[in-house]
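Have a look at the structure below before the remarks.
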Amino acid sequence: MQLVKNAGNAQTDADSLQSGRPPLPEQLSLHGSQLQPLKQALESGEVNAALVERKHQLRLLEAQQLNSSALRDRWVGLLILNAAGGLGDRALRQALHAQLQSAAQDAFGAEFSAQFLPEGLLPQAPPTNPIFALSTEQIRQRWSAQTRQQPLRILYAAGRGVLTQSLDLLIALLQQCQLAYTLIPTKNAGEVYALVARGEFDVVVRGWIQDFDDPDQFFGCFEKQAPEPQAGVHYATFFEKIAAARTLPEATLRGSAYRDALSALENEYLYIPLCRDHNRLLHDPALNPQTLCRDPFDLDAIDLR
């Protein structure tokens, strides 16, 4: 999208931009663009700002000339574990949960998160599970023979920034513990969804972003990619509790019900939260949008230096 100046006013200072909005044309056109042409347009100044899917943001931010500003939309990243496959042992899921969160805290810094829901979306966060600390040697002794017979199947997604790094942390941990695994490369979301629907995986990485401050919006992460038919009673219980909570008249009651429903998954270590961030607006250095705003193209939220 381009920053359009009022054609009837030759001034270009910030006050003239904020004094009113230019009239909208009778027709608006939206144009799709491949990643490389968009990158060139941003670098040349032909396009002043762009809001794109997060996986493309990671590639565009490699351009030295581009700035980014955090938006209100919040993003979370996690690993989902298939309890009906090679990770059917709750104790193994628990051990991987503790080891991976510890490694991610060191590796990700400010992007690390041990919680699935962003802070403040529930009246009270779900209780923290007790730390189940096992050494890599203890993990090797308990589960290496099992994984030799049935290597853990990891759906691998390259080029996804911190999500790919999360998978790399898992692979490094499995290597330290001498647990056998198989990498299944995936090229697009359709391939991932098909494998998950058939239960042909043990670990899948998932990033989820929402622009509404309601925990209900984040549960789509599980609806779209969790192994519901294979995981059995735990997911069934979770979805039943969520469905019942949506009809509650008070927000506090609904939040408490959501917290209890999420505990049904957390108590079984069916997923591992590892990272968090905000969605970002990419723009040239001449624009200075307000951070954490909802509408990045509101002229009141943009300062033209």
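The values are calculated or read from the model by the stated rules, or taken from the named source; none is laboratory data. Because the structure is a prediction, the values reported are computed rather than measured. Positions of Cβ are generated from backbone atoms using ideal geometry, with glycine treated the same way; all protein chains shown enter the neighbour counts. Surface areas here come from the heavy atoms of the whole protein model, side chains and all, with no ligands, DNA or RNA. Shrake-Rupley method; radii C 1.70, N 1.55, O 1.52, S 1.80 Å.
With a Förster radius of 30 Å applied to the beta-carbon distance between residue 124 and residue 91, the computed FRET efficiency rounds to 0.60. Extending 7 Å from the Cα toward the beta-carbon at both residue 292 and residue 247 defines two label points whose distance is 3.7 nm. Projecting the Cα atoms of 154, 180, 275 onto the dipole axis of the stretch 75-276, where Lys and Arg carry +1 and Asp and Glu carry -1 at the beta carbon, places 180 farthest toward the positive end. The fraction of accessible area contributed by carbon and sulfur in the stretch 132-206 is 50 percent, rounded to a whole number (1.4 Å probe; ligands and nucleic acids excluded).
The dipole here belongs to the stretch 75-276: it is taken about the Cα centre, uses +1 on the Cβ of Lys and Arg and -1 on the Cβ of Asp and Glu, and is about 540 debye.
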